[in-house]
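Visitor: This is the structure I have questions about; it appears just below.
A short reminder: the numbers here are calculations on the coordinates, not readings from a lab. What you are looking at is a predicted structure, and each value in this text was computed from that prediction instead of being measured. Here Cβ is always computed from backbone atoms with ideal geometry, including for glycine, and neighbour counts include all displayed protein chains.
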Amino acid sequence: MTMRGRVRTRVGPRADGRSTWPAIAVTCVLVLSVHFTTAGAAITVHDPGSAFAGYNLRVSHDPPGAVLMDMDGGTLHEWTCRFVDAFPTVAVPDEPDFSDRWTNVRLLPNGDILGIFGGLGLARLDRSSRVVWAHEGGEHDDVAVTEAGSIYVLGSERNKVTWVNQKEPIVEDYVLVLDEDGDVMSRVSLLSAIRTSDFSNVTKSASMDRSGHVLRANSLHVLDGNLSGRIPSFGSGNVLVSLRGLDTITVVDMESESLVWTQFGMWLNQLDATPLPGGNILLLEYVGGDPRVIEFDPVTMEVEWAYERDSGGGVDDRWGGSCQRLPNGNTLISESGRGRAFEVTPQGEVVWEYATSTAGDVCGSVATPFELTRIGPEFPMEWLGN
């Protein structure tokens, strides 16, 4: 099996101060066995000596839920819950694109799991798939949990916002903060945060839709203050948010409910903007239907590392994807529209890959990974088997 990708690494400034970028064509030849997982899915590449060993958590669609896998694709645990079971008093949306599926999950140390029903709500299940609580707040795309147990999640609501659209309601995005019991502690409108900030012109300089889901927020990360010495706006408790509808990433001060930092221009239709321990930011975008991951310095705006994969044709990227920097320096990339996730080294070698044979059928009974994440071996797993 031959896996190809292009890696770009910064090698130093030119005479004019700009960076020089060599394109390195990387070819990795692996002769490995194929480990089949669920029907139509398999671990097609696994190099144990190079891949970061841990657990893989992916979304399941039939039944709706999540699956915890080992590195060879073996199922260690499953959670499942249909929308009607989490929200028995809520009418099922009468919409043609409604699908009873999870889109994003977060595993908790006791074996409980948080699952997002895309654009509808958030449910917490225990390890036996019993509903602990459910919150109907239009939750979508991303959820994070702090060490203190606070739950940050993207929410949405259809509202009339006349400065955006005077004729019809739009979908307004929020950052919701819930406690461990699912009760709302705070809610910040991202549109209001933009309008009351010094960056309100971002809605004019970017090609923001004026109808439907205008901002298309798709990721959030609670900042730990690691970068505040270089960028004061990256203070502890502020939230880094990706706004795909504006091709923009931004930092929201949850106390002042205002944008305090924003950046755009280096990417289009970005996903999963993630702060890294060293101070850089990692994000995913699609270039002509193919994934491109970049790591850049938010102070100098220099791209420190980039990976591009030529997959031989475009893909419907509406279903998103994700990227995760692993502790050994590798990067895990999920391509939702193609139904696969793969891990690459800094040099661009593909050392682990999960793939389905029915990619693109995101509303059907396939294991399309909206988001597949790697959990380190240090994560508490005492609850497994109980």
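Visitor: Compute for the range 135-209: radius of gyration divided by Kirkwood radius, i.e. Rg/Rh, restricted to C-alpha atoms, rounded to two decimals.
Guide: 1.03
Visitor: Express the relative contact order of the range 166-252 as a whole percentage, based on alpha carbon pairs under 8 Å and six or more residues apart in sequence.
Guide: Dividing the mean separation by the residue count of the range 166-252 yields 24 percent.
Visitor: Give the whole-number value, in cubic angstrom per residue, of the convex hull volume spanned by the C-alpha atoms of the range 107-235.
Guide: Per residue, the Cα convex hull of the range 107-235 comes to 118 Å³.
Visitor: Go through 279-286, 167-174, 111-118 and give me the packing order, highest mean Cβ count within 10 Å leading.
Guide: Ranked by mean Cβ neighbours within 10 Å, highest first: 111-118, 279-286, 167-174.
Visitor: Alpha carbons only, please: Rg and Dmax for the range 63-168, in angstrom.
Guide: Radius of gyration, then largest Cα-Cα span, for the range 63-168: 15.6, 53 Å.
Visitor: Another question, if that's okay. Ranked from highest to lowest mean number of other Cβ atoms within 10 Å per residue, what is the order of the peptides 214-220, 67-73?
Guide: 214-220, 67-73
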